[in-house]
Amino acid sequence: MKKNLVAIMCVAALSATALVGCGSKQADTTATTETNSSVEATTDGATANVAAEGELLTGIGTSVSIADSQDATADADGTAQCDATIAAVTVDSNGAIVECVIDIAQTKIGVSSDGKITSDINAEYPSKRELGDDYGMKKASVIGKEWYEQADAFAAWAVGKTRDEISGMAITDGLAGDADLAASVSIHVTGFQAAVVEAMDNAVSGGAVAGDKLGLGVSTKISNSVDATADADGTAEAYTTISVLTVNGDGVITSSILDAVQAKITFDATGVITADKNAEVASKNELGDAYGMKAASAIGKEWNEQAASYAEYTVGKTLDEVQGTAVEEGRAADADLAASVSIHITDFNSVIAKAVESAK
């Protein structure tokens, strides 16, 4: 479905890594258990671990929908809504998941019947994981679990499984078909499944090894949103910056991926959504050259290339060292770094800090 993602981590031998990743998809699950993984299977929201050995692949996957956007009416504002499901994984040499983290950036932007943005465009939108108990699902949940608890349960269930096992999981009407999994995950799992499978497909060698911890950081802004006019549609833009990384026991980043989802939901002067609500929204890394930055770039590099360069720069550094990177007006001040990264890095540093903090 999403096949054009370019590698977003700098690797010493990318082609060799791709062969490893492709070959591992058919790995036998019994061999995984017996050779280099010891799976602690849990579905109650606790962290499940695999005792892996050697190099790990790190991957990111996104599944984005704007289908829940609603037109404004004479009585109520409409909503331009983006739901970006994000999965981070590490994968062992047998193609089995070692760690998995899932989050959703759910951005709801108010649109009035006269074509105006009604939400605070300067606000930052916390992800569902960041909201925690404040998301408020527990009281309405048939199993009495908050959203993050159910996401953690799905992630724990995924640990030790191969791509084929995840893609072939039982699903009924969008819900988990397995009774044991359904006991801890009552919400729809199709987005989880899609993001995790994509993360496994995208997993590459970036320096992570067994024992390193996986982190995911997400930050969303809507500051580029604009009102509609009599001559042009408005745009409700949900811009989500993402960091997936691993850290070792000394707090040093061992692999790093940066991506962004830029969902532009158009609406007319009456607040009616004009965007195709069924359209696929690709991340910037998935767009690759199609994003179209290279032609306008002062250094002749596409967005995904610059994000990969900055991600590579962070590997081998602690969070303090990354945060200490010299910045001028949001951009790298160091000439060598600026030669490969001319885009703003402040949002990158923000999500990297969240990802390092979340790594357990």
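Return yes or no: is Ala72 among the small types (Gly, Ala, Ser) and modelled with pLDDT of 95 or more? Spelling it out, Ala72 is indeed among the small types (Gly, Ala, Ser) and modelled with pLDDT of 95 or more. When region 315-354 is examined, which residues are found to be surrounded by 13 or more Cβ atoms within 10 Å (Cβ to Cβ), hydroxyl-bearing (Ser, Thr, Tyr) and assigned to a helix (DSSP H, G or I)? The one that is surrounded by 13 or more Cβ atoms within 10 Å (Cβ to Cβ), hydroxyl-bearing (Ser, Thr, Tyr) and assigned to a helix (DSSP H, G or I): Ser350.
Scanning region 298-314 for residues that are assigned to a helix (DSSP H, G or I) and either farther than 19 Å from Thr246 by Cα or more than 24 Å from the chain's Cα centre (by Cα) (or both) gives Trp303, Asn304, Glu305, Gln306.
Counting only residues that are surrounded by fewer than 20 Cβ atoms within 10 Å (Cβ to Cβ) and either part of a helix (DSSP H, G or I) or among the aromatic types (Phe, Trp, Tyr) (or both), region 274-286 holds 0 of them.
When region 143-158 is filtered for residues that are open to solvent by 10 Å² or more (accessible area, probe 1.4 Å) and of a type outside the set (Ser, Thr, Tyr), the ones remaining, listed by number, are Ile143, Gly144, Lys145, Glu149, Asp152, Trp157.
When residues in region 294-312 are screened for being polar (S, T, N, Q) and surrounded by fewer than 19 Cβ atoms within 10 Å (Cβ to Cβ), 1 of them pass.
Would region 182-197 turn up any residue that is more than 23 Å from Arg129 (Cα to Cα), touching a helix residue (DSSP H, G or I) at 6+ places or on another chain (Cβ under 7 Å) and either buried (at least 22 other Cβ atoms within 10 Å of the Cβ) or not aliphatic (A, V, I, L, M) (or both)? Give the steps one after another, and end with the answer.
Step one: list which residues in region 182-197 are more than 23 Å from Arg129 (Cα to Cα), which gives none.
Within region 182-197, none of the residues are more than 23 Å from Arg129 (Cα to Cα), touching a helix residue (DSSP H, G or I) at 6+ places or on another chain (Cβ under 7 Å) and either buried (at least 22 other Cβ atoms within 10 Å of the Cβ) or not aliphatic (A, V, I, L, M) (or both).
Among residues that are surrounded by fewer than 24 Cβ atoms within 10 Å (Cβ to Cβ), of a type in the set (Gly, Ala, Ser), out of contact with any Phe, Trp or Tyr (no Cβ under 6 Å at 6 or more places or on another chain) and within 17 Å of Lys317 (Cα to Cα), Gly251 is included. The residues on offer are Asp134, Asp120, and the sole one that is open to solvent by 10 Å² or more (accessible area, probe 1.4 Å) and assigned to a loop (DSSP other than H, G, I, E, B) is Asp120. Checking the stated criteria, Gly324 turns out to be within 30 Å of Gly211 (Cα to Cα), without any contact (Cβ under 8 Å) to a residue 40 or more places away in the chain and out of contact with any helix residue (DSSP H, G or I) (no Cβ under 6 Å at 6 or more places or on another chain).
The values are calculated or read from the model by the stated rules, or taken from the named source; none is laboratory data. It should be emphasised that the depicted structure is a prediction, and the values quoted were computed from it without experimental measurement. Quick reminder, even Gly has a Cβ in these numbers, built from the backbone with ideal geometry, and neighbours come from all protein chains shown. We work out accessible area using only protein heavy atoms, side chains counted, and drop any ligands, DNA or RNA first. Shrake-Rupley method; radii C 1.70, N 1.55, O 1.52, S 1.80 Å.
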